[in-house]
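Student: One structure follows; several queries about it will come next.
The values are calculated or read from the model by the stated rules, or taken from the named source; none is laboratory data. None of these values were measured; they are calculated from a predicted model. Here Cβ is always computed from backbone atoms with ideal geometry, including for glycine, and neighbour counts include all displayed protein chains.
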Amino acid sequence: MKIFKWLVPIFLVVFLSACGHRESETERPKGRTIKAELYTTSTVEISLLRELPGTVEAKVRAKLSSKVAGFLKEIRVEEGDRVKKGDLLLRIEDRDIRDKIRALRAGILAAQKDLAEVSARLAFARAEFERYRKLFEEEAVTAQEFEAKKSEYEALSARKGALSARIKELRARLSEAESLLPYTTIRSPFDGQVLRKWVDTGSFVNPGQPLLEIEDTTSGRRVVFHPEETLFSTIKPGLEVFVRFPAKGKALRVWITEVVPEVDPQTRTFTAKADLPKNYQVLSGNYVQVFVPTGKTSRILVPKTALINRGGFYGVFVADKSGVLHFRVIRIGKTFYQEGANFLPVCLKTDCKAYVEVLSGLHPGEKVVVKPPEGVREGDRIAEGA
C-alpha cells in the first residue's frame, strides 16, 4: 500500500507533463511563407591584387635654399600659404653685400685715377727713354744717365700693368658681389603652396641651407610607392593599378607613369609612381593604399547583404529544393566589389555592390537569401515566384 501511495503522484506528474508536451507541440507555429530574393551561388573569376602602402606627393616641388650668407631680414609666408609665381617670399639682409659693392666701386675709381696718372708719367718717361737711348748711342750721355731713364720707364710700365691687373680683379669681384645681390630676395618659382618653413626672421643662414619647400599646385599630384623587387617584372609604365584613400572610401583607377630602375639594397624595394587625376582633391603626404594586379583566381561569392552574424559566427539562409530555409554557418574571406563583369577587392564607385568570399560552407548551385527579412527563421519557406 505504501508503494502504491508513492506511485500515484509520480504517475500524475508524468501524465500532466505528457499532456503539456502534446499541447506545446500543437501550439508550435508552423514555418511561414516569405518573399525574398534568392542568389544562386557559382564559382566566379576574381582579380587578385597585392596591397602596398603609398604616399601622395606633388609632381613638382622645390626646396628653396640660400645662396648667400646673412641674417633673415623678412619672411612673408607661413606654412600652408598659397603663393603666385614671382611673389617675394623672404629677404636676407644685404647690407654687407652693398657695403662691399660700394668699397669695390671706390677701389676701382681710385685705381683708375692712379692708372691715369701713371699712364701720363709713362708717356713722358717713354719719350725720355727713347731720347736718351739715341743720345747714348751717340755717346752724348753716360751709361749711368741712360740706365736711370730706362729704370724709370720700366718701373712706370710695371706700375701701369699692376694697376690694370688690379682694376681687372676689382671689377671681377664687383661683378661677383653684384651677382649675389639678387639672391638676397627669394621669390616663388611657380604658383603653389608653402609646405615647410625651416627658418624664422633673424636667423643666420649659410649658402645651401634649405629655407622653404613649395609644391606646384597646378601640375597635379601623384602616388609614390615602393614594391618589393619580386614585382619589378610586373610593374611597368602603363600598368593599370588601383589606389584607395581610407578617408574617402572609394578607389581610383590610375596608371603607372614611372618606374625607377634601381633596387634599394637596404629594403630590397624599388620606386614606382602613378599620376592622380589633375583636379583630384587630396593633400600631399596623405596615406594611400595601392593595389597591384597579380593574377586571377576562382571563388564562390555571396552578396554581403546575405550575411547574418550570430554570436560572432557568420551564416546565410539556404533554400533547399522545396524552398524551405535552413541557416548555415559559413567561413568568409575578403570583400569584393562588382565592376562590370569583374570582381575587384576595391570599390571604384560611390555605391558598389559588395560580395563576400566564401571559404567553406557553401557549394556552387545553392540558393541563398540575398536580404533576409526581419524575423526569418529556420523552417520558413520561400514563396513560389519569389
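Student: Scan the stretch 242-259 residue by residue and report those that are more than 16 Å from Asn286 (Cα to Cα) and either touching an Asp or Glu at 6+ places or on another chain (Cβ under 7 Å) or at pLDDT below 95 (or both).
Tutor: Arg253, Val254, Trp255, Thr257
Student: Test each condition in (1) out of contact with any strand residue (DSSP E or B) (no Cβ under 7 Å at 6 or more places or on another chain); (2) more than 30 Å from Phe242 (Cα to Cα); (3) modelled with pLDDT under 90 for His363 and report the one that comes out false.
Tutor: Unmet for His363, out of (1) out of contact with any strand residue (DSSP E or B) (no Cβ under 7 Å at 6 or more places or on another chain); (2) more than 30 Å from Phe242 (Cα to Cα); (3) modelled with pLDDT under 90: (3).
Student: I need the full set of residues from the stretch 56-92 which are farther than 12 Å from Ile186 by Cα and assigned to a loop (DSSP other than H, G, I, E, B), in order please.
Tutor: Lys59, Val60, Ala69, Glu78, Glu79, Gly80, Asp81, Lys84
Student: Identify all residues within the stretch 317-373 that are more than 44 Å from the chain's Cα centre (by Cα) and among the hydroxyl-bearing types (Ser, Thr, Tyr); write none if there are none.
Tutor: Ser322
Student: Being in contact (Cβ under 8 Å) with a residue 40 or more places away in the chain, under 30 Å from Asn206 (Cβ atoms) and not assigned by TED's automatic domain parsing to the domain that holds Phe204 is the requirement here; does Arg171 meet it?
Tutor: yes
Student: Another question about this same structure. What number of residues in the stretch 211-231 are over 15 Å from Gln281 (Cβ atoms) and either assigned to a strand (DSSP E or B) or in contact with a Ser or Thr (Cβ under 7 Å, 6 or more places away or on another chain) (or both)?
Tutor: Final tally of qualifying residues: 11.
Student: Pick from Ser233, Ser203: which is surrounded by 12 or more Cβ atoms within 10 Å (Cβ to Cβ) and more than 30 Å from Thr350 (Cα to Cα)?
Tutor: From the options Ser233, Ser203, the qualifying one is Ser203.
Student: So which residues in the stretch 344-381 are of a type in the set (Val, Ile, Thr) and over 17 Å from Glu37 (Cβ atoms), if there are any at all?
Tutor: Those that are of a type in the set (Val, Ile, Thr) and over 17 Å from Glu37 (Cβ atoms): Val346, Thr350, Val358.
Student: Restricting attention to the stretch 236-294, and to residues there that are surrounded by fewer than 13 Cβ atoms within 10 Å (Cβ to Cβ) and of a type in the set (S, T, N, Q), which single residue is nearest to Leu344 (Cα to Cα)?
Tutor: Only one residue fits best here, namely Thr294.
Student: Here are some residues: Lys334, Lys321. Which one is in the same structural domain as Glu378 (by TED's automatic domain parsing), out of contact with any Cys (no Cβ under 8 Å at 6 or more places or on another chain) and not in a strand (DSSP E or B)?
Tutor: Lys321
Student: Also, quick follow-up: Before we move on, is Ala62 surrounded by fewer than 18 Cβ atoms within 10 Å (Cβ to Cβ) and free of Cβ contacts under 8 Å to residues at least 24 places away in the same chain?
Tutor: no
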